Amino acid sequence: MMKWKGLRLVLGGVMVPFSLIAIVSCDRGKPLSEMGPPTYVGSEVCAECHSRISVTFRNTLHSKVIQDVRKNPGAFQGDFVSPNDLRNFTKADIVLTHGIQWKQRYVDKNWRVRPAQWNFEMEVWAPYHPDDWTERDWRKKCGYCHLVGFDREKLIWSELSVGCEACHGPASNHVEARLEDKHKTIVNPASLTFRASADICGQCHTRGKSPDGKWDYPAGYRVGDYLGPQHFKIVDKSNKKAWWPSGHVKQHRQQYPEWKGTAHAKAGIGCTTCHTVHEAKTKFATSMNPNNLCLSCHGNISTDPIRGHAPIARAPQHANCIGCHMPPTGRSATRGDERTHQFRTIPPRVTVELGGGDPAKQPNSCNHCHAHKDDKPEYLQKALDDGKKPYEKFMSVLMVTQ
C-alpha cells in the first residue's frame with residue numbers, strides 16, 4: 001500500500017511540499033511588532049482578497065450613497081429636463097450626488113448642498129434648506145457618516161461613500177500582516193458583542209450632538225468602541241422636530257436611539273440580526289421578507305380568528321407584522337418612508353390622547369393604512385376593543401367548562 005508522506009504541489013514543474021507553501025504564506029508580511037498605527041487603504045484594496053463580498057456590496061445603498069458625477073455622470077437621478085422653480089442649478093454645477101433610494105441631494109464645487117432635493121417615490125423636487133443653503137458646508141454637516149476616514153479638522157477623507165473601513169476600521173495593518181495575524185489587525189463586527197456591533201451602525205444611524213456641541217455625530221468614536229455619552233449625546237425626547245409626542249421617531253437617521261430602549265436590545269437582538277450589510281436582498285437590506293424574519297423568532301404567534309394575535313372584530317387576522325409593530329412614523333424624503341424601530345404598536349387611542357385625534361399630529365399603527373375619511377382613530381380603537389370581546393367570552397366559557 002502506498003503511503004503519502006505529505007501533500008505535494010507542482011509549481012513550475014517542481015514538486016513542492018504543501019507545508020512549505022503554508023510557511024511561506026504565513027511569513028509573507030510584517031509581524032505585529034513592526035506595525036504602527038493603521039491607516040485607510042480603500043475598498044478597492046479590500047476587494048483584492050474579499051472579491052465575493054465586494055461584488056455584492058457594490059449593490060448596497062452604503063456603497064452608492066455618495067457618487068462623483070465627474071467619474072459617473074449616470075449618478076444623476078433627478079429630473080433635470082422639466083423646468084422647476086426650486087432647482088436653481090444644472091448638472092454642470094454639481095460634483096457629488098448624495099442619496100440613491102429615498103432622496104437625492106446635490107453638492108456643488110464649493111461643498112454647498114443646493115436647495116432642492118429629488119424625492120424618488122413622489123418623483124418631485126422638494127426644498128432643502130432654501131434659506132441658509134449657502135452657509136452650510138456639506139463636509140461639516142454630512143461628511144462623517146458618508147465618507148471613510150474623515151478628518152473633521154482638515155476636512156479631508158480617504159474614500160467617498162460608506163466603504164469597508166467605515167465598519168471594519170483602517171486596514172493597512174491587516175493588508176500587511178502575516179497570515180496568522182490577519183484577524184488581529186481588523187475589526188470584525190461579527191466577533192464583537194451585540195452592543196459593540198450595533199454601535200458601529202449607531203455611530204451614523206442616530207441624531208444628536210458631540211459632547212462639546214460642535215458636531216452632529218460622535219466625534220472621537222472608533223469602530224469597535226462602545227458608543228456612549230463620551231462620544232455623543234442623543235437628541236432629547238423633548239425635541240419636537242425629532243420625536244412624536246408618543247416618543248416615536250419623527251425624522252430619519254434615528255434607528256439606533258429607538259432600538260436602545262427596546263426588548264430586542266435587552267435580549268441581544270442587534271442590527272445585523274435582521275439586516276444584511278454586504279448585500280441588499282430587500283429595499284431595507286433585511287435578510288429575508290419582513291414577515292418571515294419576524295416569524296423566524298416569533299414562531300408561536302397564532303393567526304386564529306378568535307384566539308389569534310391581536311384579534312380584530314369582524315376582520316381577518318393581519319399578516320403584516322411590521323405594519324402594526326413598525327409603523328412608518330419617520331421621514332427621510334416623505335412622511336412614512338422610515339419605520340419606527342421600537343417594535344411596539346401605537347394604538348389609535350394614542351392619537352386621540354396625544355394628537356387631539358389628528359394622525360398628522362400623532363400617528364398610530366392603524367391610520368397609516370386605514371386613512372379613509374370614516375376611519376377616525378376613535379372608530380379604529382373601538383374596533384380593536386370590540387375585537388377582544390369574542391376572545392374574552394371564549395376564555396370565560398373555557399374557564400367554566402374546566
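Once the Cα atoms are used to define both axes, helix 18-27 deviates from the longest principal axis of the chain by about 80 degrees.
Explain nothing, just the number: dipole magnitude of the chain about its Cα centre with +1 on each Lys and Arg Cβ and -1 on each Asp and Glu Cβ, in debye rounded to the nearest 20.
Working: 55 positive and 40 negative charges, 86 e Å.
With only Lys, Arg, Asp and Glu charged at Cβ, the dipole is about 420 debye.
Cross-link partners for LYS30 among the lysines, with Cα-Cα distance under 30 Å and sequence neighbours closer than 8 places in the same chain left out: LYS182, LYS184. Excluding same-chain neighbours fewer than eight residues apart, the aspartates and glutamates reachable from LYS260 by a Cα-Cα span under 20 Å are ASP199, ASP216, ASP225, ASP236, GLU338. Net charge near VAL187, counting Lys/Arg +1 and Asp/Glu -1 over other residues with Cβ under 12 Å of its Cβ? Residues close to VAL187 contribute a combined charge of -1. Taking the fewest neighbouring Cβ atoms within 10 Å as the starting point, the ordered list for SER238, SER246, SER158 is SER238, SER158, SER246.
For helix 377-401, what angle does its Cα long axis make with the longest principal axis of the chain, in degrees from 0 to 90 and rounded to 10? Between the helix axis and the principal axis of the chain, the angle is about 90 degrees. Loop-located trypsin sites (Lys or Arg not before Pro) across region 121-189 with a Cβ neighbour count of 11 or fewer within 10 Å are LYS154, with loop assigned by DSSP. What do you get for trypsin sites (Lys or Arg not before Pro) in region 55-105 restricted to DSSP loop and a cutoff of at most 15 other Cβ within 10 Å of the site's Cβ? Listed in order of number, the matching sites are ARG58, ARG70, LYS71. Each of HIS275, SER172, LEU96 was scored by the projection of its Cα onto the charge dipole of the chain, and the greatest displacement toward the positive side belongs to HIS275; charges sit on the C-beta of Lys, Arg, Asp and Glu.
Looking only at GluC sites (Glu not before Pro) in DSSP loops with at most 15 other Cβ atoms within 10 Å, what is the longest site-free stretch of the chain? Please list the in-between numbers first.
On the way: sites that count: GLU48, GLU121, GLU123, GLU153, GLU279.
No qualifying site falls inside 154-278, the longest such stretch.
If I take R0 = 25 Å and measure r between the Cβ atoms of LEU155 and ASP93 in this structure, what FRET efficiency does the formula 1/(1 + (r/R0)^6) give, to the nearest 0.05? E(calc), rounded to 0.05, equals 0.75. Straight Cα distances below 23 angstrom link LYS154 to the lysines LYS109, LYS140, LYS141, LYS209, LYS214, with same-chain residues fewer than 8 positions distant left out.
Every number in this text was worked out from the coordinates using simple rules, so none of it is lab data. Source: prediction; values computed, not measured. With ideal geometry, Cβ positions are generated from the backbone for all residues, glycine too; neighbour counts draw on all protein chains shown.
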